[in-house]
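Report on the structure given below.
Derivation of every value follows stated rules applied to the coordinates shown; laboratory data play no part. The model shown is predicted, which means the values in this text are computed figures rather than measured ones. Note that we place each Cβ from the backbone using ideal geometry, even for glycine, and neighbour counts take in every protein chain shown.
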Amino acid sequence: MPSKELTAEEKLIAAGIELAKKYGINGFSVRPLCSKAKVNLGLFHYHFTSRQNFNKAVLKELYKELLKGLDMNISADLNPIEKLEIIGNIIGDFTRDNAPLLLSIIADILSGNKEMFSFIKSNFTKHILFTISIIEECKKKGLLKNYNSASLTFSLIAPAAIPNIAAEAFKRIANKKDYKKVEPFIKRIASHKLVKERIEMFLKGSLK
């Protein structure tokens, strides 16, 4: 059975995700976006009316990728510690693969973009709430030290995600000569192997 052809709206969002992963959410203009999506410029304004609405649609679709990864890889029969390990690895890989985009969102928020902050706060919390629920399950079973659940959640997510975003930030601000010297180190920091290692370090420090 032939696959269903994407609508113009879907083509624009798919092209937007691809460009945002490479250049950041505001790192490309509408005209090259439409060219990449092979969609008439007028259809962009018809479906989204504004760039802000388009950015929100792209971010929502991208976030679905993270939630889908969690849903597909975390089955009910796993013990909660295994679930935490998988959560950390998926979040780490997601931040590595989308570092330019995530860095641009952070820059937007730090520059005072209240609309972006409000949008992220309202729409991008499911993975955090899910992580907290698994941590609570671990604590009830006596598997984790009785630290505050919010602290444990941050201690899991931060080492999985922050080094990857920091590596992208350094790549942006360093001159080519300096970056070339540390490029192998930067790439190792963001590798799946070191994401996994950081999650193991968290678990060793948090397990009873």
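How long are the semi-axes of the ellipsoid equivalent to the chain, from square roots of 5 times the Cα gyration tensor eigenvalues, in whole Å, largest first?
Working: eigenvalues 218, 97, 51 Å².
Equivalent ellipsoid semi-axes, largest first: 33, 22, 16 Å.
GNM remark for the chain: springs join alpha carbons under 10 Å apart, and the peak mean-square fluctuation among Y63, Y23, Y179 falls on Y179. How charged is the neighbourhood of V30? Take every other residue with its Cβ under 12 Å from the Cβ of V30, and add Lys/Arg as +1 and Asp/Glu as -1. Here the charged neighbours net out to +3. Cα axis of helix 99-110 to longest principal axis of the chain: angle in degrees, 0 to 90, nearest 10? Computed tilt is about 90 degrees.
The ranking of D93, D178 by Cβ neighbour count inside 10 Å, starting from the fewest, reads D178, D93.
Under 5 Å from the amide H of L144 lie the amide H atoms of K139, K208, each residue being 5 or more positions distant or on a separate chain, with H modelled from the backbone and absent for Pro and chain starts.
Here the contact order of region 60-206, divided by its residue count and restricted to Cα pairs under 8 Å and six or more residues apart, works out to 34 percent.
Largest mean-square fluctuation among V182, V58, V30, in a Gaussian network model of the chain whose springs join Cα atoms under 10 Å apart, belongs to V182.
Relative to the longest principal axis of the Cα atoms of the chain, helix 149-173 runs at roughly 50 degrees. Compute the acute angle (0 to 90°) between the alpha-carbon long axis of helix 114-123 and the principal axis of greatest extent of the alpha-carbon atoms of the chain; round to the nearest 10°. That helix lies at roughly 60 degrees to the long axis. Comparing N146, N89, N26 in a Gaussian network model of the chain (Cα springs below 10 Å), the most mobile by mean-square fluctuation is N146.
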